[in-house]
Amino acid sequence: MTRTVLSLVALGALASMTVFGQQQPPAGQRPQPPDVNLVITGPGGPPKLAIAPFIAASSDAETIAAAKTISDVLYDDINYEREYYMIAKDAIATVPKSASIDEVPLAPWKELNADGLIVGSVQKTGSGILVRVRLIRVGSGTTVLGKEYSGSIANPRQYAHTISDEIFMQQLALRGVARTKLAFTSDRDAERMAGTEAREIKEIYFADYDGANARRVTVSKTLNVAPAWSPDGQALAYSSWRPAGQFGTFQDVIISYIYKGVRETPANGNPEKQNYLPAWSPDGTKVAFTLSQGGNQEIYVINRDGTGLRRLTNSPDIDTSPTWSPTGTQIAWVSGRSGNPQVYIMNADGTGQQKLTNESWADRPTWSRPPFNEIAYAARSGAGFDIKVYSFASGQATKITDGIGSNESPAFSPNGRHLAFVSTRNGKAQIFTIDRDGKNLRQITREGNNGYPNWSQ
């Protein structure tokens, strides 16, 4: 394994926060059921939730802007999960503003039939800001959640993301995605490789789940694709075309520790042994990937430190694009052994290989986390592809995209409720997200061409 220390491009200022109150459990740990005495409910349907504009308790422009940002982003974050009926902002604007979050007149909110109300304030401090928030049951005036956050004002969106995730955990035992990140490949900086292989450069970026705060990770001025987040969110594995002198370039798997400025090449590829399309095991100790030697592509697994290389498939046809099951005991991948590429599954040691799909062409499987345990993939549909979701419970695959453009390279969110994917529906290749039921389609990227999304855990 080769290790290189890099000077990375600045990844942007993240809010450094101190949170007073119970924290969300670590990824992979089953959340506790919510306290029913604190859960806001609606009369026979989803609760109606209002978010009052956050109060700027300091009169400077920076604090006023931060209060507005937190209010707006929090509204979008909570609306994203479709668990509440969100009272419209124009209706909220008719309610007189409160001077303090400690004394909130509830009569106007009752007139709007709100079941729950979120109020908050932002105050400038000597070292940054103090953000206070309350979730109120409107009918009784009971505060069911109260939190304070202190830290930098540099990224006020992070406060909104944290509040949203903690509300979902406390109210519904639901792991929200507001604090997650999407990694992807992009040519948005319009750079080109020089020399005889002159072509567009693609670099690795990551952004908030909604596309905001995009930051560039790689600066290698080559082709970098297929990023995959490590389970702890500290590293990205990806495929990179590395220079090979007279041999041109070759693909190799890179692990970049993005907050340390260190990168490693655990598989140590070369022009005769190319490695690509990495996928982390759920515990972060192993990486599955495609190894191409002599033109034969097979699935291998290696420890993240470069030891313990093991071959899992053995077929003269293509075997590529691995993804791990939530338990780490199985791997799904794409194979052409039965004709056109299909999704297969096998045990993590390579045994028990069996075909899962019967499409005209299937590619890029992604395996969701509990509680759904589904596999999404791209299936050929006419001249392009659509995203399908295979349910192990029903044994059926359901198409969730609408046939507009080509829709490819799906990636599940960590709670299994959403998918990021690439679509050409608006012309260029862009990242979109959609819910697993085919609703809530949203465009995430808009600059350049973008591909290979992957959702942090």
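The values are calculated or read from the model by the stated rules, or taken from the named source; none is laboratory data. In this text the structure is predicted, and so the values were computed from the model without any measurement. Positions of Cβ are backbone-derived with ideal geometry, glycine not excepted, and every protein chain shown enters the neighbour counts. Areas reflect the complete protein model, heavy atoms only, side chains present, ligands, DNA and RNA absent. Shrake-Rupley method; radii C 1.70, N 1.55, O 1.52, S 1.80 Å.
Worth a mention:
- Prolate/oblate/rounded call for the stretch 378-454, Cα gyration tensor, a/c under 1.5 rounded: oblate
- Shown for the stretch 336-447: lysine pairs separated by 8 or more places, or found on different chains, whose C-alpha atoms are under 20 Å apart, numbering 5.
- Shape call, the stretch 256-297: gyration tensor on alpha carbons, a/c limit 1.5: oblate
- Charge dipole of the chain about the Cα centre (unit charges at C-beta), most positive-ward option of Tyr209, Leu174, Ile78: Tyr209
- Cα-based shape type of the stretch 171-292, given that a ≥ b ≥ c are square roots of the gyration tensor eigenvalues and the cut on a/c is 1.5: oblate
- Applying a DSSP loop filter and a limit of 15 other Cβ atoms within 10 Å to the chymotrypsin sites (Phe, Trp or Tyr not before Pro) in the stretch 253-299 leaves Tyr259.
- Our estimate of slack between Glu148 and Gln354, defined as 0.36 nm per intervening residue step minus the Cα-Cα distance, is 69.0 nm.
- Angle in degrees between helix 157-172 and the longest Cα principal axis of the chain, rounded to the nearest 10: 80 degrees
- Dividing the summed helix terms, -39500 (n - 2.57) for each DSSP H run of n ≥ 4, by the number of residues in the chain produces a 222 nm estimate of -3000 deg cm²/dmol to the nearest 500.
- Using a probe radius of 1.4 angstrom, the carbon and sulfur fraction of the accessible surface of the chain is 49%.
- Mean Cα-pair separation over length for the chain, i.e. relative contact order, pairs under 8 Å, 6 or more apart, %: 11 percent
- Sites excluded, GluC sites (Glu not before Pro) in DSSP loops with at most 14 other C-beta within 10 Å, longest stretch of the chain: 273-457
- Of the peptides 89-101, 412-424, the ranking by mean beta-carbon count within 10 Å, highest at the top, reads 412-424, 89-101.
- Separation of the stretch 156-195 and the stretch 394-457, taken as the distance between their Cα centroids, equals 15 angstrom.
- Solvent-accessible area per residue, Å², over the chain with all protein chains present [probe radius 1.4 Å]: 43 Å²
- Of all aspartates and glutamates in the structure, those lying under 17 Å Cα to Cα from Lys110, and not within fewer than 8 positions of it along the same chain, are Asp90.
- Taking the square roots of five times each eigenvalue of the Cα gyration tensor of the chain, the equivalent ellipsoid has semi-axes of 42, 25, 20 Å, listed largest first.
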